[in-house]
Amino acid sequence: MARIQFPKGFLWGVATASYQIEGAVAEDGRGESIWDRFSHTPGKTVNGDTGDVACDHYHRYREDVAHMARLGVRSYRFSIAWPRIFPTGRGTPNQKGLDFYRRLLDALHEAGIRPFATLYHWDLPQALQDRGGWANRDTARWFADYAAYVMEKLNGQVDGWITHNEPWVVAYIGHVTGEHAPGLKDIRTGFVVAHNLLLSHGLAVQAFRQLAVKGEIGITLNIQLVHPATERDEDVAAARRLDGVFNRWYLDPLFRGEYPQDIWELLAAEEVAPPVREGDMQLIGQPIDFLGINYYSRTLAAASPEARETLGVRMLSGPGPKTDMGWEIYPPGIYEVLTGIHQTYKPKKLYITENGAAFRDRLQERRSGESREGRPAERSGQEYVVHDQDRIDYLGRHFYQAGRAIQAGVPLAGYFVWSLLDNFEWAFGYTKRFGIIYVDYSTQQRIWKDSAYFYQQIVAENAVDERFAE
Ligand code: FCB
């Protein structure tokens, strides 16, 4: 195993999402989102945490772009908050909301950083939830109107448009388990939502082409690698089913214009298959320029007839070491996912739109004279340090496996680390830290963790060392 050099122009980046970092939830005419409502409902998030202030990025975006510039990243994936643009989801646009993203884009361009904008990273305007949210087919049309408006206004300033972030999470965690906003618990609704999300994606892609918007458009899926818990036939079949509802349910429509037959039949038997209208599948399956993949971990599947909501599958964690989320650290999975999707679906281009890890970071005072070997100058001036070797190992090993996938012929064009900053981790509030930059929420101070210095070096060298090969 040797050091891996990445292709010239490889798009190293960092990722964030609006509700997780922006704060300023009542500023400049922003409307309420389902995450405001949900996080303010007692018992829904750890410690009752909300995104009211988050990282205060709305006011500190210049400083945050400066951190990106210092990291040397070539790209930044962020999301646009729909309720800033259309406070009630549709109707009259809010100029001030758009202006914020214009300012952000200007700052990025000045720093030579290429913007990737996600149009939906979970903050649906509450006013649309009041009309049924994603379970209402009309929401797909309203999303497309919002998307068309934003793409037209920001045309030429965004390199990559991402329609949706992780539709499986929206459908399943938001509408079946109810752990995310809007907190519904109904399996049938979950599949209706999934269909409407895909439909809205198709409509947005159509608008992108019709408006001849510059740049490229795609979607981000959380590909969940599934392995059978044992070699027993029933566990192998369970793994196939789980892969079906997690992954193929989205990949097949997007790349083949049809739902996977095996899963469709199971859903139909349970009377939870979504209503599909004539023309829907063509809309969903129209060509996209890239597929974004969020990869974090793998899941083991065991047959369990009583687990109806997951089609008779019990999900287990693998045997390896875990992150602070309890997710198994499994770097070869990123290689398996990339090569597998490349072979089966042949997307024109792929990006890792998220990969990273939460660990229990400890802010430590810098001892006098302490410096990181080779780069003392950069350290001076920072009073605190965070020694997150576990995150460095996690990232380095995943970079390495992604590099191997490129060597195996996968058209992987970029890699966005989740996340630039510690931020509001949904139902876990501020208790989980995913940043390569530490956020002290009491002062809003940003403190580089060791992993930020590590990433700076990866980007500069465009290469990853062989010590991350195992
Ligand atoms: C993904 C989300 C992202 C972040 C990471 C940890 O599912 O897209 O917002 O919460 O997980």
Exercise for the section: Two decimals is fine: what is log10 I(q)/I(0) at q = 0.11, 0.15 Å⁻¹ for the stretch 138-275, from a Debye sum with one equal scatterer on every Cα and no solvent? Expected result: -0.46, -0.80
Practice task
Provide the per-residue ³J(HN,Hα) series for the stretch 460-466, in order, calculated from phi with Karplus coefficients 6.51, -1.76, 1.60 and θ = phi - 60°, each as a whole number of Hz, with x at glycine and proline positions.
Solution key: 4, 8, 6, 8, 10, 5, 5
Completion exercise
Phi-derived 3J(HN,Hα) across the stretch 135-150 with the Karplus relation (6.51, -1.76, 1.60, θ = phi - 60°), rounded Hz, x for Gly and Pro, is 6, 8, 4, 4, 4, 4, 5, 5, 4, 4, 5, 4, 4, 5, 4, 5
Handout entry: Linear extension gain, residue 138 paired with residue 466, 0.36 nm per residue minus alpha-carbon span
Key = 113.0 nm
Handout entry: Within straight-line cross-link reach of residue 185, lysines at Cα separation under 22 Å, skipping those fewer than 8 residues along the same chain
Key = 44
Problem - Farthest toward positive dipole pole in the chain [+1 Lys/Arg, -1 Asp/Glu at C-beta], among 389, 311, 59 - result: 59
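Does the stretch 113-158 classify as rounded, prolate or oblate by the C-alpha gyration tensor (a ≥ b ≥ c root eigenvalues; a/c under 1.5 gives rounded; else a/b over b/c gives prolate, otherwise oblate)?
Cα axes put the stretch 113-158 in the prolate bin.
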Practice task
Report the full-extension gain for the segment residue 131 to residue 343: residue separation times 0.36 nm, less the Cα-Cα distance, to one decimal in nm.
Solution key: 72.2 nm
Completion exercise
Phi-derived 3J(HN,Hα) across the stretch 348-356 with the Karplus relation (6.51, -1.76, 1.60, θ = phi - 60°), rounded Hz, x for Gly and Pro, is 4, 8, 10, 10, 7, 8, 7, 6, x
Problem - Calculated P(r) tail over 34 Å for the chain, as whole % of Cα pairs - result: 30
Practice task
Using only the Cα atoms, work out Rg/Rh for the stretch 75-163, with Rh taken as the Kirkwood radius, to two decimals.
Solution key: 0.99
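Under 1.5 on a/c is rounded, so check that first for the stretch 9-112, then, if it is not, pick prolate when a/b is larger than b/c and oblate when it is not; a ≥ b ≥ c are the square roots of the alpha carbon gyration tensor eigenvalues.
Here the stretch 9-112 falls in the oblate category.
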Fill in the blank from the handout: Interchain or sequence-distant (5+) residues whose placed amide H lies within less than 5 Å of the amide H of residue 448 are 438
Practice task
Between residue 209 and residue 177, with labels modelled 7 Å along Cα→Cβ, what's the label distance in nm to one decimal, could you check?
Solution key: 3.6
Problem - Largest-first ordering by accessible area, 1.4 Å probe, given options 21, 187 - result: 187, 21
Exercise for the section: Restricting things to alpha carbons, tell me how big the stretch 150-189 is in terms of Rg and Dmax, in Å. Expected result: 14.8, 41
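The values are calculated or read from the model by the stated rules, or taken from the named source; none is laboratory data. Source: prediction; values computed, not measured. Because the Cβ atoms are built from the backbone with ideal geometry, glycine has one as well, and the counts that use them run over all protein chains shown. Accessible surface areas use protein heavy atoms only, side chains included; no ligands, DNA or RNA. Shrake-Rupley method; radii C 1.70, N 1.55, O 1.52, S 1.80 Å.
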